């Protein structure tokens with residue numbers, strides 16, 4: 001839970017404000033004296049990185065929206081206008097487009113960290129489910145943003161993905177018609193996607209608020225997976241955690257800047273620099289890299305409806321991890337078998353991403369089907385069985401013991417022998 005509100009306003013204005021709207025006290029108790037496990041490592045900084053990237057995306061997106069024209073006849077040229085004529089427009093556009101990739105990169109690392117250290121287990125189930133909802137919102141927002149430049153890949157990605165909804169029985173065709181705003185991808189489609197792409201980031205901000213709230217209620221997990229048992233297990237969020245967050249944000253920004261200034265189009269597709277043409281289909285339609293694992297799962301299933309079901313299931317099943325994993329031990333540090341299966345699962349996801357970038361033919365399809373099967377086997381078979389058959393390593397008695405050793409909790413007074421036990 002948040003630290004006790006010990007905030008004492010110094011100025012007269014702050015005393016007046018705190019008596020009426022104690023926002024400074026809330027910030028102080030939540031982000032200054034808030035107790036965090038003393039053994040948090042740098043993998044726990046990606047939540048801060050995600051918050052930073054969300055702010056960058058919103059700020060750059062708002063400015064870009066001032067110069068963008070959501071019309072099929074002008075959208076492509078308005079992006080070129082931003083790049084060539086708007087002061088630092090090229091920088092804003094590259095910050096925004098590469099920022100989406102950095103946002104997903106940090107999000108996936110955050111997700112896999114949660115799997116490795118068991119951050120989804122009781123009492124953090126709601127926290128985990130909110131994280132899965134955030135992933136869904138990120139996927140929807142990113143896809144709609146990918147359509148806005150109205151290049152060849154934007155147009156055909158919109159056509160392919162929206163057509164998937166037609167596989168839904170009874171209501172599928174009506175949903176597609178509503179998404180298109182007619183009977184084909186066109187200007188109403190672009191306007192819908194533009195408005196939703198602008199709106200959804202603010203929905204993400206709201207869910208992030210719930211995510212942080214849930215985190216402060218149940219407390220943070222830690223690398224040992226042992227719950228906090230005393231004040232000796234924790235340190236104040238500021239400066240101990242904030243310095244770590246700031247350091248890795250700076251390191252992450254160096255990677256971000258490298259993409260923006262040296263290879264700004266590396267993660268994009270060359271066909272998106274060709275204006276959308278409904279009469280010319282690109283030889284190989286691919287989404288952005290962060291959708292490729294799910295795209296591989298979609299194409300691995302020969303049935304259109306089956307592919308859609310598996311695609312949606314691949315994301316939804318993440319929310320059930322707290323109940324599918326039957327082990328009472330959280331951290332993979334103390335689960336030797338789980339650690340091996342975790343890395344297999346990680347390689348499967350990377351392999352699906354690679355296969356998603358390849359044509360849906362021959363051996364690529366067979367490999368995608370094998371990896372898709374293992375993806376679901378990991379959740380539906382491996383996690384439930386491992387909890388029953390695995391023998392975990394002994395857990396430390398406390399976080400303090402794990403950090404400082406078994407003698408950490410022994411004080412000089414408690415270590416001294418009693419008077420009657422003194423040796424002669």
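The values are calculated or read from the model by the stated rules, or taken from the named source; none is laboratory data. Quick caveat, the model's predicted, so the values are computed rather than measured. In this analysis, Cβ positions are derived from the backbone assuming ideal geometry, glycine residues included, and neighbour counts consider all displayed protein chains.
Is it true that some residue in the range 236-246 is part of a helix (DSSP H, G or I), within 20 Å of the chain's Cα centre (by Cα) and under 24 Å from residue 96 (Cα atoms)? Yes. Assuming residue 214 fulfils every condition listed in (1) touching a helix residue (DSSP H, G or I) at 6+ places or on another chain (Cβ under 6 Å); (2) under 30 Å from residue 26 (Cβ atoms); (3) surrounded by fewer than 17 Cβ atoms within 10 Å (Cβ to Cβ) apart from one, which condition is it? So the condition that residue 214 fails would be (3). In summary, residue 190 fulfils each of the numbered conditions (1) touching a residue at least 40 places away in the same chain (Cβ under 8 Å); (2) within 23 Å of residue 309 (Cα to Cα); (3) buried (at least 18 other Cβ atoms within 10 Å of the Cβ) with the single exception of condition (2).
Can you say whether residue 257 is in a helix (DSSP H, G or I) and closer than 25 Å to residue 94 by Cβ, as far as the supplied structure shows? Yes: the conditions hold for residue 257. From the set of residues in the range 167-185 that are touching a residue at least 40 places away in the same chain (Cβ under 8 Å) and surrounded by 15 or more Cβ atoms within 10 Å (Cβ to Cβ), which is farthest from residue 136 (Cα to Cα)? Step by step, filter the range 167-185, then rank; the result is 185.
Taking the criterion of being loosely packed, with under 14 Cβ neighbours inside 10 Å and either touching a helix residue (DSSP H, G or I) at 6+ places or on another chain (Cβ under 9 Å) or at pLDDT 95 or above (or both), would at least one residue in the range 293-300 satisfy it? Talk me through it step by step, then tell me what you get.
Let us first name the residues in the range 293-300 that are loosely packed, with under 14 Cβ neighbours inside 10 Å, namely none.
Scanning the range 293-300 turns up no residue that is loosely packed, with under 14 Cβ neighbours inside 10 Å and either touching a helix residue (DSSP H, G or I) at 6+ places or on another chain (Cβ under 9 Å) or at pLDDT 95 or above (or both).
Among the helices (runs of 4 or more DSSP H) lying completely within the range 302-398, list those that include at least 2 residues that are under 21 Å from residue 289 (Cα atoms) and in contact (Cβ under 8 Å) with a residue 12 or more places away in the chain. Talk me through it step by step, then tell me what you get.
Working: elements: 304-316, 321-324, 336-356, 362-377, 383-389.
Hits in the range 302-398: 304-316, 336-356, 362-377.
For the range 81-113, what are the residues that are assigned to a helix (DSSP H, G or I) and farther than 22 Å from residue 57 by Cβ? So that I can check it myself, show each step before the final result.
Residues of the range 81-113 assigned to a helix (DSSP H, G or I): 81-84, 89-113.
84, the sole residue that qualifies.
Is it the case that some residue within the range 148-158 is within 24 Å of residue 50 (Cβ to Cβ), in contact with a helix residue (DSSP H, G or I) (Cβ under 7 Å, 6 or more places away or on another chain) and surrounded by 15 or more Cβ atoms within 10 Å (Cβ to Cβ)? Scanning the range 148-158 turns up at least one residue that is within 24 Å of residue 50 (Cβ to Cβ), in contact with a helix residue (DSSP H, G or I) (Cβ under 7 Å, 6 or more places away or on another chain) and surrounded by 15 or more Cβ atoms within 10 Å (Cβ to Cβ). When residues in the range 220-272 are screened for being surrounded by fewer than 16 Cβ atoms within 10 Å (Cβ to Cβ) and closer than 21 Å to residue 288 by Cα, 9 of them pass. The combined condition, being touching a helix residue (DSSP H, G or I) at 6+ places or on another chain (Cβ under 9 Å) and in a loop (DSSP other than H, G, I, E, B), is fulfilled by residue 33. Taken together, 109, 129, 133 contain a single residue that is out of contact with any strand residue (DSSP E or B) (no Cβ under 8 Å at 6 or more places or on another chain) and closer than 18 Å to residue 342 by Cα, which is 109.
For the range 275-284, a residue qualifies if it is more than 18 Å from residue 186 (Cβ to Cβ) and either surrounded by 15 or more Cβ atoms within 10 Å (Cβ to Cβ) or at pLDDT 90 or above (or both), and exactly one does: 282. Return a yes/no flag: does the range 37-57 have any residue that is in contact (Cβ under 8 Å) with a residue 24 or more places away in the chain, surrounded by 19 or more Cβ atoms within 10 Å (Cβ to Cβ) and more than 24 Å from residue 106 (Cα to Cα). Looking through the range 37-57, none of the residues is in contact (Cβ under 8 Å) with a residue 24 or more places away in the chain, surrounded by 19 or more Cβ atoms within 10 Å (Cβ to Cβ) and more than 24 Å from residue 106 (Cα to Cα).
Out of 172, 186, 219, report the one residue that is at pLDDT below 95 and at positive phi.
Only one candidate qualifies: 219.
Any residue at all in the range 68-76 that's farther than 24 Å from residue 244 by Cα, part of a helix (DSSP H, G or I) and out of contact with any strand residue (DSSP E or B) (no Cβ under 8 Å at 6 or more places or on another chain)? Yes, there is a match, as at least one residue in the range 68-76 is farther than 24 Å from residue 244 by Cα, part of a helix (DSSP H, G or I) and out of contact with any strand residue (DSSP E or B) (no Cβ under 8 Å at 6 or more places or on another chain). A Cβ distance below 8 Å, combined with a sequence gap of six or more or placement on separate chains, defines the contacts here; from the range 148-161, residues that are at positive phi reach residues that are in a loop (DSSP other than H, G, I, E, B) in the pairs 150/72; 150/276.
Taking residue 124, is it surrounded by fewer than 22 Cβ atoms within 10 Å (Cβ to Cβ), in contact with a helix residue (DSSP H, G or I) (Cβ under 7 Å, 6 or more places away or on another chain) and touching a residue at least 40 places away in the same chain (Cβ under 8 Å)? Write out each step before concluding.
Numbers: surrounded by fewer than 22 Cβ atoms within 10 Å (Cβ to Cβ): no; in contact with a helix residue (DSSP H, G or I) (Cβ under 7 Å, 6 or more places away or on another chain): yes; touching a residue at least 40 places away in the same chain (Cβ under 8 Å): yes.
Answer is no for this residue.
Is it fair to say residue 372 is over 30 Å from residue 397 (Cα atoms) and buried (at least 19 other Cβ atoms within 10 Å of the Cβ)? Answer is yes for this residue.
Of the residues making up the range 249-274, those that are closer than 24 Å to residue 190 by Cα and within 21 Å of the chain's Cα centre (by Cα) number 2. A Cβ distance below 8 Å, combined with a sequence gap of six or more or placement on separate chains, defines the contacts here; from the range 21-34, residues that are closer than 16 Å to residue 10 by Cα reach residues that are part of a helix (DSSP H, G or I) in the pairs 23/17; 24/14; 24/17; 24/18; 25/18.
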